[in-house]
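Chemist: My questions will all concern the structure given below.
The values are calculated or read from the model by the stated rules, or taken from the named source; none is laboratory data. Small disclaimer: the values here were computed from a predicted structure and weren't measured. Heads up, the Cβs are rebuilt from the backbone with ideal geometry, glycines too, and the neighbour counts pull from every protein chain shown.
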């Protein structure tokens, strides 16, 4: 894949991310994102990178073919389109995972709230003359008190997360 090839070729040439970034007139974080597969260079930067690394673009893209000057730009564009499609699929799967995480979080808060409400603060009827019972009762009360103050905020945030991560049509 492009990200692995950029990293391997850069290292084989003995260049740091910073040095390659200077040659391409970009920031080091851009090189890092390319090497992590979080983004891809545009065709102009890909050509500049191939010149800076003294490597054919086809090698950066993972091909070991003989260069054909007339079709280079078209081939680069097609390869970048494939890489962009892979990045889009990765981003979509992350969005789905985060969306379901928000759904599970909201469900857990609702279930926990229902359970605590149904339990009806049983510690109120306990005999607090025993020190262990007193510690458990105070801990239970502190958890319940904190939960019912924080849970609504987290629930609203979770609902906002569900709305923001839903699939846009």
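Chemist: Please determine whether any residue of segment 59-71 is in a helix (DSSP H, G or I), over 20 Å from the mean Cα position of the chain (by Cα), surrounded by 14 or more Cβ atoms within 10 Å (Cβ to Cβ) and at pLDDT 90 or above.
Modeler: There is no residue in segment 59-71 that is in a helix (DSSP H, G or I), over 20 Å from the mean Cα position of the chain (by Cα), surrounded by 14 or more Cβ atoms within 10 Å (Cβ to Cβ) and at pLDDT 90 or above.
Chemist: Which of (1) assigned to a loop (DSSP other than H, G, I, E, B); (2) in the same structural domain as residue 158 (by TED's automatic domain parsing) does residue 118 not meet, given it meets every other one?
Modeler: Of everything listed in (1) assigned to a loop (DSSP other than H, G, I, E, B); (2) in the same structural domain as residue 158 (by TED's automatic domain parsing), residue 118 misses just condition (1).
Chemist: Still on this structure: For the structure I just gave you, tell me whether residue 153 is surrounded by fewer than 11 Cβ atoms within 10 Å (Cβ to Cβ), assigned by TED's automatic domain parsing to the domain that holds residue 98 and under 35 Å from the mean Cα position of the chain (by Cα).
Modeler: Against the criterion (surrounded by fewer than 11 Cβ atoms within 10 Å (Cβ to Cβ), assigned by TED's automatic domain parsing to the domain that holds residue 98 and under 35 Å from the mean Cα position of the chain (by Cα)), residue 153 qualifies.
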